[in-house]
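The block underneath contains the structure these notes are about, expressed in structure tokens.
The values are calculated or read from the model by the stated rules, or taken from the named source; none is laboratory data. Predicted, not measured: the structure shown is a model, and the values here were computed from it. Reconstructed Cβ throughout: ideal geometry from the backbone, glycine too, with neighbour counts over all protein chains shown. Accessible surface is based on the protein model in full, side chains and every heavy atom, while ligands, DNA and RNA are left aside. Shrake-Rupley method; radii C 1.70, N 1.55, O 1.52, S 1.80 Å.
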Amino acid sequence: MDAGPGARRGGLVKANIVVLPGDGVGPEVVNAALSVLATVCDADDAQVSIDVRCIGGRAIDEFGMPLPDETLDACKAADAVLLGAVGGPAWDHLRGEHRCEAGLLRLRRELDVFANVRPVKVHPHLTDRTSLRPEVTRGTDLVIVRELTGGAYFGQPRGRTGTGPDEIARDSIVYSAGEIDRVARVAFELAQSRRGQLISIDKANVLITSQLWREVVTALAPEYPDVSLTHELVDSFAMRLVREPATIDVVVAENLFGDILSDEAAVLVGSLGLLPSASLGASDQGLYEPIHGSAPSLAGRGVVNPYGAILSVAMLLRHSLHRDDLAVAIESAVDVCITEDVLTADLGGAASTDAVADAVAREALRHLGARSGAAS
Ligand code: IPM
Ligand code: MG
């Protein structure tokens with residue numbers, strides 16, 4: 001029987017990962033994350049092949065489009081995709097499907113990774129690095145499940161018509177009941193594996209799509225009797241997120257609300273650079289990316305925070321390769337390194353990107369060594 005991609009065979013894992021470094025700081029954080037991945041895989045005899053491809057501005061320069069066919073084909077055939085970031089000032093004048101971001105959106109859609117999972121966990125050592133009071137953020141451990149392939153990002157009709165004062169620009173928020181159902185199930189299941197609380201976000205007092213969203217999510221609740229479901233309007237929830245974040249467990253939201261709320265949630269942890277994400281669909285395949293952007297002003301200086309990308313690799317190991325053990329080794333290593341003040345400038349530290357990666361790799365090895373020591 002085929003054990004499937006990434007399955008463990010006698011202590012081995014074989015997987016094919018497509019890596020899309022992208023633009024700005026993307027290549028630097030991806031390199032850092034890959035060096036951690038290589039270290040844990042070497043230590044475990046795991047065989048992971050890395051196939052580097054172009055996306056975003058680099059792809060526009062080389063292929064004339066942000067998502068070349070050869071990149072898309074490679075991603076479709078991969079067990080998992082690791083992405084850095086796309087975009088930058090050199091390509092900001094481009095419009096519509098020629099934009100860097102359009103390449104990323106098309107990739108998400110083509111891979112059908114409809115559930116974007118964004119964990120937000122406040123590290124006790126960093127509660128004084130945010131603009132919020134430590135007693136507010138302390139203990140925060142929440143996950144945002146953002147719908148990723150529908151809503152205003154993709155809805156038709158969209159576009160511009162007319163000229164002058166009569167010019168009209170139009171985006172459409174469109175959701176089918178099926179699209180809502182499948183992402184809500186991911187969120188319910190996640191809540192089941194955590195503290196059993198799910199908050200569904202909408203703007204049902206105004207938007208028709210939100211009314212359908214609320215109906216579909218409510219109808220699912222009886223299937224998950226161990227989850228307590230509440231509904232909150234996005235505007236008041238935006239306040240609650242910074243007022244009492246430690247009371248929040250799992251949040252599910254449509255694409256645009258989830259995009260905005262997850263950047264807001266980044267304030268809780270101290271830096272956007274810390275947060276990873278996993279975009280998942282119906283299969284084990286996933287697209288993994290830090291939630292930060294290409295940060296052009298930081299690019300090429302070796303100072304960008306790689307923790308978000310490193311933690312994205314941990315999510316990749318857990319979800320697509322079923323190697324929870326290796327994911328835990330990396331996550332524990334990140335915890336230790338942060339406690340030991342291995343921090344980049346965004347968190348008030350002086351460590352370089354590579355120094356963070358080296359420290360995490362060393363600590364992850366120690367963790368794996370301790371594990372095999374305990375097992376023998
Ligand atoms: C994100 C980003 C993207 C989005 C951009 C780069 C298109 O902000 O992943 O949150 O809006 O989804
Ligand atoms: Mg965003």
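In segment 203-256, what residues are under 25 Å from L268 (Cβ atoms), of a type in the set (S, T, N, Q) and in contact with a Phe, Trp or Tyr (Cβ under 6 Å, 6 or more places away or on another chain)? Once the filter is applied, which keeps residues that are under 25 Å from L268 (Cβ atoms), of a type in the set (S, T, N, Q) and in contact with a Phe, Trp or Tyr (Cβ under 6 Å, 6 or more places away or on another chain), segment 203-256 yields only N255. Here segment 325-376 is the region considered, the condition is being assigned to a loop (DSSP other than H, G, I, E, B) and not aliphatic (A, V, I, L, M), and the residue that is surrounded by the fewest Cβ atoms within 10 Å (Cβ to Cβ) is S376. Take the conditions (1) of a type in the set (G, A, S); (2) touching a residue at least 40 places away in the same chain (Cβ under 8 Å); (3) more than 19 Å from R109 (Cα to Cα); S320 misses just one of them, which is (3). If the condition is being open to solvent by less than 10 Å² (accessible area, probe 1.4 Å), closer than 19 Å to L275 by Cα and of a type outside the set (G, A, S), then segment 63-90 contributes V81, L82, L83.
Filtering segment 253-277 to residues that are within 14 Å of the chain's Cα centre (by Cα), aliphatic (A, V, I, L, M) and closer than 24 Å to T230 by Cα leaves I260, L261, A265, A266. In the set (1) under 22 Å from Q192 (Cβ atoms); (2) within 16 Å of ligand 2 (Cβ to nearest atom), I260 fails one condition alone, (1). Inside segment 39-62, residues that are open to solvent by 50 Å² or more (accessible area, probe 1.4 Å) and either more than 16 Å from ligand 1 (Cβ to nearest atom) or within 18 Å of the chain's Cα centre (by Cα) (or both) make up a count of 10. Just so you know, in segment 275-303 the residues that are in contact with a Ser or Thr (Cβ under 8 Å, 6 or more places away or on another chain), assigned to a loop (DSSP other than H, G, I, E, B) and within 16 Å of ligand 1 (Cβ to nearest atom) include one that is farthest from V81 (Cα to Cα), and it is L275.
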